[in-house]
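The values are calculated or read from the model by the stated rules, or taken from the named source; none is laboratory data. The structure presented is a predicted model; accordingly, all values stated were derived computationally and were not measured. We place every Cβ from the backbone using ideal geometry, glycine too, and count neighbours over all the protein chains shown.
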Ligand SMILES: CC(C)(COP(=O)(O)OP(=O)(O)OC[C@H]1O[C@@H](n2cnc3c(N)ncnc32)[C@H](O)[C@@H]1OP(=O)(O)O)[C@@H](O)C(=O)NCCC(=O)NCCS
């Protein structure tokens, strides 16, 4: 598996992956949103296996912080270290950009994702009541990059 920057020609494949990973009414990135971020050259990375995209992560930046906006692994390839490899790249990038912290939001019931984030040292720091579709609650998590 290799990790590379995604580009505008990956839009359709990224969206196909997104559709396979999230159920219809769960929050998901549209083709337009992928295109928007790719055009702006945001930090959108893809994991490649045999020339196919098996996962992606998108990080947005602010002055002093970065936000993991989305991370997703093909359901056929989960539990094989791809999510961890993508998250590691995001953290390395945020550190290189000298950001103080990396934060994210996640559905409270998304235990696989929360376990992944905790493995990398993220801690819960707030609740987002009814933030997700169907009134699902979310939580905010943060990783301090500078102590
Ligand atoms: C969350 C997600 C990205 C994890 O990707 P993954 O490639 O399966 O994760 P990895 O194989 O790299 O696992 C890394 C660690 O995460 C944790 N983890 C991942 N999936 C887990 C699960 N189902 N149960 C418990 N822990 C899990 C474990 O700590 C794991 O380390 P270990 O294998 O040594 O136990 C993947 O499940 C996914 O894409 N889910 C759907 C999209 C999503 O919910 N994204 C997050 C919100 S935007």
- prompt: residue 105 is checked against (1) modelled with pLDDT of 95 or more; (2) over 11 Å from the mean Cα position of the chain (by Cα) and fails just one. What number does that condition carry?
  reply: (2)
- line: Within segment 82-129, residues farther than 23 Å from residue 146 by Cβ, near the ligand (Cβ under 6 Å from one of its atoms) and touching a residue at least 24 places away in the same chain (Cβ under 8 Å) come out as 82, 83, 112, 113
- prompt: Can you tell me which residues in segment 11-31 are under 27 Å from residue 135 (Cα atoms) and in a helix (DSSP H, G or I)?
  reply: 14, 15, 16, 17, 18, 19, 20, 21, 31
message: Can you report the number of residues in segment 99-125 which are assigned to a strand (DSSP E or B) and under 15 Å from residue 67 (Cα atoms)?
response: 9
message: Would you confirm, using the coordinates I've provided, whether residue 134 is touching a residue at least 60 places away in the same chain (Cβ under 8 Å), farther than 21 Å from residue 2 by Cα and more than 11 Å from the ligand (Cβ to nearest atom)?
response: yes
- prompt: Has segment 48-60 got at least one residue that is surrounded by 16 or more Cβ atoms within 10 Å (Cβ to Cβ) and farther than 15 Å from residue 4 by Cβ?
  reply: no
field: Unmet requirement for residue 98, which otherwise passes all of (1) more than 15 Å from the chain's Cα centre (by Cα); (2) within 24 Å of residue 21 (Cα to Cα)
entry: (2)
Residues satisfying the stated conditions in segment 32-79, i.e. assigned to a helix (DSSP H, G or I) and either within 21 Å of residue 139 (Cα to Cα) or within 9 Å of the ligand (Cβ to nearest atom) (or both): 75, 77
